[in-house]
Amino acid sequence: MVPEEPCQCPDCLRFYREHDRLIRENPSLKQQQELNWAALQAFRTLAGRVLEDLQKPPEQQADVEAPPEDESLQQALADLENVNAHLFSIEVFMERIFDVRVPEAVEQKFQELAGELAPDPLNADRLRLNRLLHQSPDLN
């Protein structure tokens, strides 16, 4: 069920701006392929480094704050290991997107439709991701 009006909370408004910017600035299939690959790799790199750092003995960790309580640290480590496993699985599937090549006419269609999709606040993908934002606990 799609709501009639898009959510206007700060998280959704920030998401709308980012969604639109990524379409406007990367309106071709090739650019979207590269952008998504780079984002996935950045996520894997950062999540992996955090996991690696948290697994070090407390005296070797890079943070200046006290480490989290042991139980919450163990849960965080398990969660990060799951995140990394999911990211690795996504990476394997995403490698296939580079197999897709399209003729120039199709690239032109990407660019043409990018101008229509970017400002559309009722875009189904935006709304689906907004629901995910609201289902996730705020960890800040």
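Each reported figure results from applying straightforward, stated rules to the coordinates on display, with no laboratory input. Since this is a predicted model, take the numbers as computed values, not measurements. Note that we place each Cβ from the backbone using ideal geometry, even for glycine, and neighbour counts take in every protein chain shown.
Evaluating 6.51 cos²θ - 1.76 cosθ + 1.60 at θ = phi - 60° for every residue in the range 78-90, the Karplus couplings come out as 4, 5, 5, 5, 5, 4, 4, 5, 5, 4, 4, 4, 4 Hz, glycine and proline recorded as x.
If R0 is taken as 25 Å, the Cβ-Cβ distance between F43 and R128 corresponds to a FRET efficiency of 0.80.
State the extension gain, in nm to one decimal, for the chain segment bounded by L35 and K109, taking 0.36 nm per residue of separation less the distance between their alpha-carbons.
Details: separation 74, 0.36 × 74 = 26.64 nm, distance 1.85 nm.
Once the chain is fully extended between L35 and K109, it gains 24.8 nm.
Taking other C-beta atoms within 10 angstrom as a stand-in for reagent exposure, K56, K109 fall in the order K56, K109, fewest first.
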